[in-house]
Amino acid sequence: GLVEGPGGLGQGGLAATLRDDGQEVEGSYEEFGYNAQLSDRISLDRSIPDYRPRKCRQMTYARDLPQVSVVFIFVNEALSVILRSVHSVVNHTPSRLLKEVILVDDNSDNVELKFNLDQYVNKRYPGLVKIVRNSRREGLIRARLQGWKAATAPVVGFFDAHVEFNTGGAPPTGVAERRRLTIPSADKDLVQTQLSAVAGRSGLMPTSLPPRTPAMIGCSFVVDREYFGDIGLLDPGMEVYGGENVELGMRVWQCGGSMEVLPCSRVAHIERTRKPYNNDIDYYAKRNALRAAEVWMDDFKSHVYMAWNIPMTNPGVDFGDVSERLALRQKLKCRSFKWYLENVYPEMRTYNNTLTYGEVRNSKASGYCLDQGAEDDDRAILYPCHGMSSQLVRYSADGLLQLGPLGSTAFLPDSKCLVDDGRGRTPTLKKCEDVARPAQRLGDFTQSGPIVSRATGRCLEVEMSKDANFGLRLVVQRCSGQKWMIRNWIKHSQH
Ligand code: UDP
Ligand code: MN
């Protein structure tokens, strides 16, 4: 059964509490995307073991650290979860360093978060906690800006309102330079922290690796208040959710600052099973990503369009007006995205020789698309079109036809390329780097034309076959004049 009690750690986290039989325990996942009832039963002041690497334990605070304002933003979070964020930051930050806690209520509906919250914090932490209430829903980007406006300390830390600070997690840690934005390492939630400690992984935390990071995964960070204003805060044209963490990374670096993860400063964060505030998160994440790409990525912005399978002309996504952000980039005399790639994010895979991208259809099989198929068998298939990652096809100037999601960094394997090895009738998928002989590439391809292998002269075609899935088999054979269509064409900016 489930072992949870005040101060205790159970088997599942707050985001995914499972019984022994793997069933989710009843709770308000629906309402919050995490188990609020469980949170209600856990002490707001529980003490948890210090999971940081051993060398962090000797760390002390420098004498002259500046004070910090800690901003928590929330919409319709469980009261006990918000309060644990507040309690834990107060409990783990030296009081001389914590100037104030600012709670930004992004127009929650939940009545408990109005009077009850006010009354609680005023009584428990008189004078320390400010509450800012938005009169309409601003989304998590502009909600942070409301918090920044209310902040008065020289340094500001921004956090979700479902976090838990631990020893060493105090936000002032590591703030040393004005142009350096710091990020505590995020632990998924405390129970997972415990598991990784048991597995010995936290002992291997990369304290010796360079802590610099090209962007943030979530959006928790600590920054000099004035510097953050000078570099343009967060993009107020971003709506609801997503993209701001990456935009800030590109901007900070390209405009002369830096972003670093602090391995000795760890904050636990509840990963939700769902986003309770919006059913269309993906749309907004996509829209915000396009804003960031249009302003900061120069000719590399095509990568964002490719990743989301959005056409570059008539994208069908209204990303709004970015002229003020472009003016900001000019004013700050920021560097190019190419500089950022070379100096900050050399691991990123780039695909600048792409000619076309998106789903590929055959005129003989309407409604079906080329698809990378099962992960491990290296056989491409035809599958009903859905336009998601397994059907993203990239056709490059050097004649490669790559199927599946584009690899993000050199640390992870890339998706594979379709080849005619000349040996049977079945095309296979191979690591693109290994398709050394251009002749093997299945890549002579024009819109509404055949896909031909230069070596064998054979074509990629669709064969009707009773024993294939959906009655359709992908083959390489003597060209019979079948036509293929690919969805999107790369558009280069004019210079
Ligand atoms: N939030 C907000 N307004 C919104 C949506 C979210 O203030 O319209 C708050 C939310 O309560 C949370 C933070 O923004 O404290 C980040 O949201 P979430 O945890 O869903 O995002 P993630 O953890 O994926 O970054
Ligand atoms: Mn969150």
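What size of dipole, in debye to the nearest 20, comes out for the chain about its Cα centre when the only charges are +1 on Lys and Arg C-beta atoms and -1 on Asp and Glu C-beta atoms?
Values: 63 positive and 59 negative charges, 255 e Å.
The calculation lands at about 1220 debye.
Scan around ARG335 for amide H atoms under 5 Å from its own, H built in the peptide plane at 1.01 Å from N, and keep only partners 5 or more places away or cross-chain.
Residues meeting the amide H criterion: CYS255, GLY256.
³J(HN,Hα) across the range 253-265 via Karplus (A = 6.51, B = -1.76, C = 1.60, θ = phi - 60°), whole Hz, x for Gly/Pro?
5, 5, 9, x, x, 8, 10, 9, 8, 9, x, 8, 10
Under the rule a/c < 1.5 gives rounded, and otherwise a/b versus b/c splits prolate from oblate, where does the range 210-256 land using the Cα gyration tensor?
Oblate, since a/c reaches 1.5 and b/c is not below a/b.
Strictly under 4.7 angstrom between C-beta atoms: which cysteines of the chain have no such partner?
Among the cysteines of the chain, those whose Cβ sits 4.7 Å or more from every other are CYS219.
Is it possible to state the helix-based mean residue ellipticity at 222 nm for the chain, with each DSSP H run of 4+ residues giving -39500 (n - 2.57), the sum divided by total residues, to the nearest 500 deg cm²/dmol? What is it?
On the way: 12 runs with 111 residues, N = 495.
The per-residue figure over the chain is -6500 deg cm²/dmol.
Can you list the HN-Hα couplings for the range 95-106, worked out from phi with the Karplus curve (6.51, -1.76, 1.60; θ = phi - 60°), rounded to whole Hz and with x for Gly and Pro?
Taking θ as phi minus 60°, the curve returns 5, 5, 8, 9, 6, 6, 10, 10, 9, 9, 8, 7 Hz for the range 95-106.
Among VAL419, SER396, THR456, pick out the residue whose Cα is farthest towards the positive end of the charge dipole of the range 357-481, where Lys and Arg carry +1 and Asp and Glu carry -1 on C-beta, about the Cα centre.
The Cα lying farthest towards the positive end belongs to THR456.
Considering only protein heavy atoms, what per residue accessible area in square angstrom results for the chain with a 1.4 angstrom probe?
On the way: 22800 Å² over 495 residues.
Per residue, the chain has 46 Å² of solvent-accessible surface.
For PHE221, list long-range residues whose amide hydrogen, built 1.01 Å from N in the peptide plane, is under 5 Å from its own amide hydrogen.
Sorted by chain and number, the residues that satisfy this are PHE158.
Quick check: at a probe of 1.4 Å, how many percent of the accessible area of the chain sits on carbon and sulfur atoms?
On the way: 11550 of 22800 Å².
C and S fraction of accessible area: 51 percent.
Which shape class, rounded, prolate or oblate, goes with the range 36-131 when its Cα gyration tensor gives a ≥ b ≥ c as root eigenvalues, a/c under 1.5 marks rounded, and past that a/b bigger than b/c marks prolate?
Oblate is the answer for the range 36-131, as a/c is 1.5 or above yet b/c matches or exceeds a/b.
Which of the three applies to the chain, rounded, prolate or oblate, going by the alpha-carbon gyration tensor with a ≥ b ≥ c and a/c under 1.5 meaning rounded? Could you put the intermediate results ahead of the total?
On the way: a/c = 2.18, a/b = 1.79, b/c = 1.22.
Taking the square roots of the gyration eigenvalues as a ≥ b ≥ c, the chain is prolate.
As a test question: what accessible area, to the nearest 10 Å², does SER95 have when a 1.4 Å probe is rolled over all protein chains in place?
100
If amide hydrogens are placed 1.01 Å from N in the peptide plane, which non-local residues have theirs closer than 5 Å to the one on CYS369?
Those qualifying (amide H under 5 Å, at least 5 residues apart or on another chain) are TYR383, CYS385.
The values are calculated or read from the model by the stated rules, or taken from the named source; none is laboratory data. Here the structure is a predicted model, which means the values were calculated and not measured. Glycine gets a Cβ as well: all are built from the backbone with ideal geometry, and neighbour counts include every protein chain shown. Note: areas computed on protein heavy atoms with side chains; ligands, DNA, RNA excluded. Shrake-Rupley method; radii C 1.70, N 1.55, O 1.52, S 1.80 Å.
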